[in-house]
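Structure, as structure tokens:
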Amino acid sequence: MTVTTAKLVEPLPPITLPQHEILEGTPNAGGQFTAATPDEQVTAGFWSCDVGRYEFAFDYDEFVYIIRGAVTVTVHGTGVVHVLEDGDTALFPQGVTTTWEITRPVTKYFVARAGR
């Protein structure tokens, strides 16, 4: 068995969000995977994104910890709104579609479990 550790190193390597996810703004997104189980069913890492509105359809379960930033997340189909800021956590279950309105650039740590 191997123990994996990671530190947030900024800026994160740039990533490209799919165009259909960008509703408003310029993402300037970054991301870095920091760990994975041997079967790659669970992964973890850091993700960042600038101010804007983005749509995310989760085809996996994702736990997030907001390191810094502010985002208002609206759940499609229910209209439920969650405001996440520095130090907050959330679980986005597989199958949920959300709109993220990032009002202050977000950096999060995530743990994702592959779809069942």
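The numbers here are math on the coordinates, done by the rules we state, and not lab data. On a predicted model such as this, the values are computed, not experimentally measured, just so you know. Here the Cβ positions follow ideal geometry from the backbone for every residue, glycine too, while neighbour counts run over all protein chains shown.
Among (1) 52, 30, 23; (2) 51, 34, 18; (3) 43, 32, 28, find the value of Cα extents along the principal axes in Å that was calculated from the structure presented, and write down its label.
(3)
Rounded to whole Å, give me the distance from the Cα center of the range 1-37 to that of the range 50-116.
Value for the Cα centre distance between the two parts: 14 Å.
Could you work out the relative contact order of the chain? I mean the mean sequence separation of Cα pairs under 8 Å and 6+ apart, divided by the number of residues, in percent. Let's see the in-between values first.
On the way: 289 pairs, mean separation 33.4, N = 116.
Once divided by the residue count of the chain, the mean separation gives 29 percent.
Using label points projected 7 Å from each Cα along Cα→Cβ, tell me how many nm separate Arg113 and Thr2, to one decimal.
In this crude label model, Arg113 to Thr2 measures out at 2.4 nm.
Would you mind counting up the charge near Thr89? Only other residues with Cβ under 12 Å from its Cβ, with Lys and Arg at +1 and Asp and Glu at -1.
Numbers: positive: Lys108; negative: Glu62, Glu85, Asp86, Asp88.
Surrounding charge for Thr89 is -3.
Work out the charge dipole of the chain with +1 on the Cβ of Lys and Arg and -1 on the Cβ of Asp and Glu about the Cα centre, then indicate which of Thr2, Phe58, Thr103 is farthest towards its positive end.
With unit charges placed on the Cβ atoms, the residue in question is Thr2.
Rank Thr78, Thr26, Thr99 by mean-square fluctuation in a GNM of the chain with C-alpha springs under 10 angstrom and give only the top-ranked residue.
Thr78
Is there a quick way to get the dipole size of the chain? I mean about its Cα centre, with the Cβ of Lys and Arg at +1 and of Asp and Glu at -1; what is the value in debye to the nearest 20?
Numbers: 7 positive and 14 negative charges, 36 e Å.
Taking the Cα centre of the chain as origin, the dipole is about 180 debye.
Once the piece of chain linking Val81 and Glu10 is laid out straight, how much longer is it, given 0.36 nm per residue of separation minus the C-alpha distance between them? Please list the in-between numbers first.
Working: separation 71, 0.36 × 71 = 25.56 nm, distance 2.94 nm.
Full-extension gain reported as 22.6 nm.
Just Gly45, Gly30, Gly95 to compare: in a GNM of the chain, with alpha carbon springs under 10 Å, which one fluctuates most?
Among Gly45, Gly30, Gly95, the largest GNM mean-square fluctuation belongs to Gly95.
Mind checking which of Gln41, Gly115, Gln94 is farthest towards the positive end of the chain's charge dipole, using Cβ charges of +1 (Lys, Arg) and -1 (Asp, Glu) about the Cα centre?
Gln41
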